[in-house]
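Report on the following structure.
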Amino acid sequence: MPPVLSIMMPVYNGARYLRPAVESLLHQTFTDFELIVVDDGSTDNSMEIVASFSDPRIRILRNGDNRGIVYSRNRALAEARGRYLASFDADDIAHPRKFERQIRFLEEHPDFGMVGCRVYHIDAVGARLKSRWRLGAGAAMIPALQLFRAYFIQSAVVYRREALPEGGYAEGFDIGEDYRMYYDVSQRYRAMNLPEYLLYYRIHDESIQHRRPDMLEACETKLYQYIYTPLQIDITHERFRVLQHLKHRKPMGLQQYHETGAFLRLILRQNRIHRIYPQKILWKVVLNRRVKALYKLLLSFFLPLDDKAHQD
């Protein structure tokens, strides 16, 4: 019998954090799963660590050379047998009841295509940080919210197999392949984050977001172009900067505040024409962004514009 859940873990030189990540999956209270580990051309002892676990639920696939995250995720998808699918990064740690809670939710809510959870942040050595991730908007708000940011975290999400778009993860969206997947699924199915902390998300300097900020910016620009295409809004360099100002917790100057207002009004105007999102819901999301922009403007009177605001 195929397992209920397929957990898919791409690995490239992940030896430093890999053992606790795998252990957290093997110690789940939900046990009917397979763990598909895709070795993306690692040159360290990552696969020796995985092979040291004598658990029949683990399957190792080898790319031979480094093919990239999208190729590796799609290879795992092609091999997955479960009716539920979960991508899990090799440096994160799952709460023991994570999949039990999420599978139960999806079983009880067949109209949901995916479900995430709240997240604790940990550092390179596994110590809890003060910051945490607790986005808890209702399912009706999430499609519009994802105009501005990814509303889920890769390792936190479980998908219903039929909710995934044909072809799986989109080629050419390395780094941002997860954001595009959340967006695609949430446009066709309901989605939300459970109000429970079920994942420990590791923040460290070895992640590709820290190592390749140029690659991250290029990918984000491409993502926003894709996301705003249904509204027929072209993401120019200036509009991309507005989106960055809205996303990051930094003070905002007066010019940035006015540019933000113009862009938000454009979104509402284009949606009235193309009717992609319920206008009332989009209006609430846009108003929330406008209020946050005002807060950042007021903050600029007390902090230099290059200082970060405090975490929520």
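Quick look at the values:
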| read-out | value |
| --- | --- |
| Check on ARG81, of a type in the set (Lys, Arg) and assigned to a helix (DSSP H, G or I) | no |
| Test: residue in region 55-62 that is within 19 Å of ALA163 (Cβ to Cβ), surrounded by fewer than 22 Cβ atoms within 10 Å (Cβ to Cβ) and not hydrophobic (A, V, I, L, M, F, W, C) | no |
| Yes/no for VAL125 being among the β-branched types (Val, Ile, Thr), modelled with pLDDT under 95 and either over 13 Å from VAL285 (Cβ atoms) or assigned by TED's automatic domain parsing to the domain that holds LYS247 (or both) | yes |
| 1 or more residues in the same structural domain as PHE99 (by TED's automatic domain parsing) and farther than 19 Å from HIS248 by Cα: qualifying helices (runs of 4 or more DSSP H) within region 128-219 | 142-145, 177-188 |
| Inter-residue pairs, beta-carbon under 7 Å, first over 13 Å from ALA124 (Cα atoms) and in region 14-28, second in a loop (DSSP other than H, G, I, E, B) and not β-branched (Val, Ile, Thr), 6+ apart | VAL22/PHE53; LEU25/PHE88; LEU26/PHE53; LEU26/ASP55; HIS27/PRO96; GLN28/PRO96 |
| Some residue of region 87-97 being more than 16 Å from ARG73 (Cα to Cα), surrounded by fewer than 18 Cβ atoms within 10 Å (Cβ to Cβ) and without any contact (Cβ under 8 Å) to a residue 24 or more places away in the chain | no |
| So ILE233, is it among the hydrophobic types (A, V, I, L, M, F, W, C), within 24 Å of the chain's Cα centre (by Cα), surrounded by 14 or more Cβ atoms within 10 Å (Cβ to Cβ) and over 20 Å from GLU220 (Cβ atoms) | no |
| Index of the failed condition, SER54 passing every other in (1) part of a loop (DSSP other than H, G, I, E, B); (2) of a type in the set (S, T, N, Q); (3) in contact (Cβ under 8 Å) with a residue 12 or more places away in the chain | (3) |
| Qualifying residue in region 15-24 (condition: closer than 30 Å to ARG190 by Cβ, within 20 Å of the chain's Cα centre (by Cα) and in a helix (DSSP H, G or I)) | yes |
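The values are calculated or read from the model by the stated rules, or taken from the named source; none is laboratory data. Since this is a predicted model, take the numbers as computed values, not measurements. As a convention, Cβ positions derive from the backbone with ideal geometry for all residues, glycine included, and neighbour counts pool all protein chains shown.
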